[in-house]
Structures are given as C-alpha cells and as structure tokens.
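Take a look at the structure below.
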Amino acid sequence: MSVPDEPRVLVPLAVLDGESLAPPLVEALSGVPVELVGYHRIPEQTAPGQARMQFEERMEGELADLVTVFEEAGGRVETRMVFTHEPKQTFERVAVEASCDAVLLNNPATEISDVLVPLRGEVNVERVVALVASVLEATEADATLYHVADSEDEREAGRDLVNRAREALVEGGIAEDRVREEIVVSETPIKTLVATASEYDLVVMGESKPSVRELFFGEVSEQVSTQSVTPALVVRRLPAVEKKPDAEEDESAAENDESADEEATEESD
C-alpha cells in the first residue's frame with residue numbers, strides 16, 4: 001500500500017452564525033489544500049441574490065480573517081461564499097467542482113494530539129492514510145489505527161488491514177512510535193466507534209458512500225461527529241471529480257440547488 005498524493009479538504013462553515021475553526025484544526029489542515037466555504041442557509045421565501053446583497057460584505061470579512069489564520073499557519077486556502085436553501089446539495093456540488101477528496105465535520109478542539117483512524121474493510125484505506133499522513137506531518141499528534149471486527153473470526157483480517165496501513169505511514173516518513181494499533185471485537189461496531197471517538201481529539205475516517213450529503217448526514221459519520229463531539233475528517237469513497245452515472249439524478253440535483261447561480265469564489269494568494 002502506498003500513500004497517494006495530498007488530498008484536498010472541503011471545510012464548510014456557517015460563519016454568519018458564528019461558526020469558526022479552532023486553531024488546532026487549522027494547524028492540522030495546514031499541510032493540505034483547503035476549500036473554505038462560508039455558507040448561509042436562507043429561508044425558502046428569500047432569494048439568494050437578496051441574501052447576497054444583505055450579507056456579502058460581512059461574510060467577506062469573516063472569510064478574510066480565516067484566510068489570514070490559515071496563511072499564518074502555513075496553509076493553502078481558497079474561499080467561496082454560498083447563500084443557499086439547500087446546504088447539503090451545495091456542499092456536494094462544491095466538492096465536485098473543487099475536486100475535494102475529504103470533508104471536515106466541524107466540532108470544537110482544544111488540541112490535536114491523539115488521532116483516531118477507524119479502518120473498515122478496503123473502504124478508502126489508501127486515501128485515508130494519505131490524509132492521516134498530512135495531519136501527522138503538520139502536527140505532533142500520534143495516530144491510532146483502529147478496527148472493529150464483528151467476530152473473533154474476523155480479528156485477523158482486521159489486523160492485516162491495520163498493519164498495511166501502518167506500513168504505508170512508516171514508509172511515507174511517519175515515525176513508528178507515532179502510530180499505534182488497536183483491534184476490538186464488537187456486535188455493535190457503530191456504538192463502539194462513537195464511544196472510542198469521544199476519547200480522541202480528531203477522527204479521520206473513510207465513508208462507504210460517495211455523496212457529501214451522506215458524509216454530513218450518513219449514519220456512521222453523523223453519529224461519530226455529533227455524539228462524540230469530536231471533529232472528523234471524512235474521506236470520500238470515490239474521487240470527487242467522478243459524477244453520478246444517472247444523468248437525470250444529476251439534473252434534478254442541479255435544479256434543486258437554488259444557490260447554483262448565486263455563488264462567488266474568492267481565491268487567496
């Protein structure tokens with residue numbers, strides 16, 4: 001297993017509602033390109049253009065402050081503003097447009113010293129490892145490669161998966177003593193994962209579905225992020241540039257995304 005090229009991370013923040021990014025998360029993301037999306041969910045009766053006229057200047061200021069924070073940490077960031085009725089659909093479209101490989105599910109963080117890396121089957125393992133390597137290179141954190149097996153019979157397969165991920169990290173330049181392994185057996189893997197995640201500062205995990213809507217509201221990632229109150233970086237199963245094969249579904253999603261013509265992108269130097 002090899003470590004792929006650096007991933008691009010989508011970071012959506014409701015900046016007008018006071019949502020920001022904790023400094024430890026900025027540091028953790030300083031080694032990867034970031035697509036920072038300032039978004040504002042607007043009522044159905046409000047036109048995106050009307051919201052833009054009302055809030056654009058304020059949002060520009062909030063995003064400019066965040067760009068400064070990223071740049072001071074050595075990060076690379078591009079920004080865009082979104083005024084939308086459907087944030088979930090907008091995030092998915094932005095992920096495709098900006099070729100984002102992972103998305104941040106934001107939560108408070110006072111430090112990033114212990115990173116949990118749940119590995120399930122072959123889902124996203126190489127892409128998860130690439131993001132973990134970038135986080136470890138940007139911080140002094142340690143990582144725990146973690147697998148929940150459904151039974152004792154599956155423990156060995158989980159150990160093999162974890163060992164290969166560890167080898168890839170070490171071959172990529174991460175010190176051996178910064179990478180731990182843990183394999184557990186549980187009949188309730190999601191519950192076990194949520195409980196474990198609460199003991200860590202950051203979770204980096206893969207998702208079995210390619211949709212960003214699933215990343216934000218899918219069963220596993222949502223429970224990890226909301227119930228453990230731990231920030232999570234969720235790596236998409238498929239490259240972000242791959243679009244759904246069903247053209248009618250794509251067309252319907254575009255029609256429903258009321259912000260399509262009301263976005264602006266501002267790139268930082």
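The values are calculated or read from the model by the stated rules, or taken from the named source; none is laboratory data. Model, not experiment: these values are computed from the prediction. Here the Cβ is made from the backbone with ideal geometry for all residues, glycine too, and neighbour counts use every protein chain on show.
So that you can scan it fast, the table gives a plain yes or no per residue for (1) assigned by TED's automatic domain parsing to the domain that holds V32; (2) surrounded by fewer than 21 Cβ atoms within 10 Å (Cβ to Cβ); (3) not charged (D, E, K, R):
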residue	(1), (2), (3)
H85	yes, yes, yes
A95	yes, no, yes
D142	no, yes, no
D177	no, yes, no
I183	no, yes, yes
task: Within region 30-51, work out how many residues are touching a strand residue (DSSP E or B) at 6+ places or on another chain (Cβ under 6 Å) and either under 15 Å from T79 (Cα atoms) or among the aliphatic types (A, V, I, L, M) (or both).
output: 11
Neighbours by Cβ (under 9 Å, 6+ apart or cross-chain): first from region 124-136, in the same structural domain as A175 (by TED's automatic domain parsing) and of a type in the set (S, T, N, Q); second in a helix (DSSP H, G or I) and buried (at least 24 other Cβ atoms within 10 Å of the Cβ): S134/A28
field: Subset of region 144-153 [loosely packed, with under 15 Cβ neighbours inside 10 Å and in contact (Cβ under 8 Å) with a residue 12 or more places away in the chain]
entry: D150, S151, E152
- request: Go through (1) under 30 Å from E137 (Cα atoms); (2) buried (at least 16 other Cβ atoms within 10 Å of the Cβ); (3) modelled with pLDDT of 95 or more; (4) among the aliphatic types (A, V, I, L, M) one by one and return the number of the condition V103 breaks.
  value: (3)
query: How many of the residues in region 185-203 are touching a strand residue (DSSP E or B) at 6+ places or on another chain (Cβ under 9 Å), surrounded by fewer than 19 Cβ atoms within 10 Å (Cβ to Cβ) and closer than 27 Å to A138 by Cβ?
result: 1
query: Only one of (1) among the acidic types (D, E); (2) assigned to a loop (DSSP other than H, G, I, E, B); (3) buried (at least 18 other Cβ atoms within 10 Å of the Cβ) fails for E19. Which number is that?
result: (3)
message: Take the conditions crowded, with 17+ Cβ neighbours inside 10 Å, part of a strand (DSSP E or B) and under 17 Å from the mean Cα position of the chain (by Cα) and apply them to G38. Does it pass?
response: yes
query: Quick one: how many residues across region 7-35 are more than 18 Å from V115 (Cα to Cα) and within 17 Å of the chain's Cα centre (by Cα)?
result: 11
query: Given A130, A157, A143, which one is small (G, A, S), assigned to a helix (DSSP H, G or I) and under 23 Å from E27 (Cβ atoms)?
result: A130
message: I want to confirm something. Restricting to region 81-126 and keeping residues that are farther than 25 Å from A47 by Cβ and of a type in the set (V, I, T), which single residue is farthest from the chain's Cα centre (by Cα)?
response: T110
